[in-house]
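These notes are about the structure you will find just below.
Please treat every number below as a calculation from the coordinates, not as lab data. Note that the coordinates shown come from a computational prediction; the quantities given were computed from them, not determined experimentally. Quick reminder, even Gly has a Cβ in these numbers, built from the backbone with ideal geometry, and neighbours come from all protein chains shown.
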Amino acid sequence: MAGIQYGYALNQFKVQESDLVQRPPKETALKIVSVCGFRGVEMTSDALGGPSQIESTFGSVHNFADFLHSCGIDCVCSFFGSSGGPGGGFGGLPGASGGGSPANAQERTIEAMRPIAAFLHDLGGSCLVVRPLGSYVQEAPVTEAKIRNAAELWTKVGMMTKQYGIQTAMHIDFGCAIHEMADIDKLLELSDPNFVGLALDTAELAIAGIDPIVLYEKHHTRVKHFHFKDALVADTLGEYKTDGSLLTTGGSREIERWFYEMGTPKGMVNFPALMKSINQHNYEGWIVAESDQSPHVEESAMLNGWYVKQVLSRA
């Protein structure tokens, strides 16, 4: 892969298009993304489904690839899991956390990831995005032993996915037990950089009180994937520690929507400055735009597409 490529996350369609097992809603979602200028898509099991569902719907991965191309999409650039609480991920799978997780539990997790790695390989993808631990309310207290176990597990998963030419990248969301900069540093220190990297999500970090530019500058060699979305408010009350459903409940302030499109007025993320840093460090890979929680999915895709063309591409 040379340079930066822009993809779009299909998770925003999971609420509006509740019957994505049928082809017409799939086709609508993909064509909207394509018309807005995005050539790759990031899938989740909640939106278009996982490998087994795709195969049962289309008959084969090859047929699904043909369907993607007919909608103007070149590839499935990445796959993001959807279990384990706010923000999704694979945190709920066996062996993802906890002290002294048995080796066979880790092996079950690795084998659960194998079909997804093969699926991504066959569809021209590059990255398996995983949540390193479950939500804070599930995992607390967060100990070095738990971080070490998570680092070990995802390093092993990364060794497996590398066999398929797929990068494993850990995604930190604002509800995740791995939440503080010190814990992120420790997680990266204990995991093998040859096999597991970081998926940097701009809005999730901003809500958690971490400047995504500062994190990228510090760990740019480990960043293998990006999620670009904006946010207007941070979790300044630390409610992620007490409310495992903060993403959907909005907490005591009843935040109606945590995530917004790039370019939203008063957004906390400085995307032009981040792009400057990305270019200075010669990042090559996918930047995936997101608008999960969008009340108007078509409008969100258009706004993100406009921002990529008019701002990011000129940064």
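At a Cα cut-off below 25 Å, give the lysines reachable from Lys146, other chains included and same-chain residues fewer than 8 away excluded.
Lys156, Lys162, Lys186, Lys218, Lys224, Lys241
Could you give me the ³J(HN,Hα) list for segment 228-238, computed from phi with Karplus coefficients 6.51, -1.76, 1.60 and θ = phi - 60°, whole Hz, x at Gly and Pro?
Couplings: 9, 7, 10, 8, 9, 9, 9, 7, 5, 8, x Hz.
Starting at the first residue of segment 36-44, write each ³J(HN,Hα) from the Karplus equation 6.51 cos²θ - 1.76 cosθ + 1.60 with θ = phi - 60°, in whole Hz, x for Gly and Pro.
7, x, 9, 9, x, 10, 9, 9, 9
Ordered by residue, what ³J(HN,Hα) values in Hz, to whole numbers, does segment 288-296 give under the Karplus form 6.51 cos²θ - 1.76 cosθ + 1.60, where θ = phi - 60° and Gly and Pro are x?
Going residue by residue, I get 9, 7, 10, 8, 4, 6, 5, x, 9 Hz, with x marking Gly and Pro.
What full-extension length gain, to one decimal in nm, is calculated for Thr249 and Asn104 as 0.36 nm per residue of separation minus the Cα-Cα distance? Numbers along the way, then the final one.
Details: separation 145, 0.36 × 145 = 52.20 nm, distance 3.58 nm.
Contour length minus Cα-Cα distance gives 48.6 nm.
In whole angstrom, how far apart do the alpha carbon centroids of segment 236-260 and segment 159-182 sit?
23 Å
With an 8 Å cut-off on Cα pairs and a minimum separation of 6 or more residues, tell me the relative contact order of segment 4-314 in percent.
With pairs under 8 Å counted, the relative contact order is 18 percent.
If you stretched the chain out fully between Thr236 and Lys218, how much longer would it get, using 0.36 nm times the residue separation minus the C-alpha to C-alpha distance?
Numbers: separation 18, 0.36 × 18 = 6.48 nm, distance 2.31 nm.
Working it through step by step, the gained length comes to 4.2 nm.
Using the count of nearby Cβ atoms within 10 Å as a rough guide to exposure, how do Asp211, Asp185, Asp292 rank from fewest to most?
Values: Asp211 17, Asp185 13, Asp292 25.
Fewest to most other Cβ atoms nearby, the residues stand as Asp185, Asp211, Asp292.
For His225, what residues show an amide H to amide H distance below 5 Å, using hydrogens built from the backbone and excluding near sequence neighbours?
Those qualifying (amide H under 5 Å, at least 5 residues apart or on another chain) are Leu198, Leu200.
Please give the calculated 222 nm ellipticity per residue for the chain, where each DSSP H segment of at least 4 residues contributes -39500 (n - 2.57) and the sum is spread over every residue; nearest 500 deg cm²/dmol?
Here the helix-only value at 222 nm equals -12000 deg cm²/dmol.
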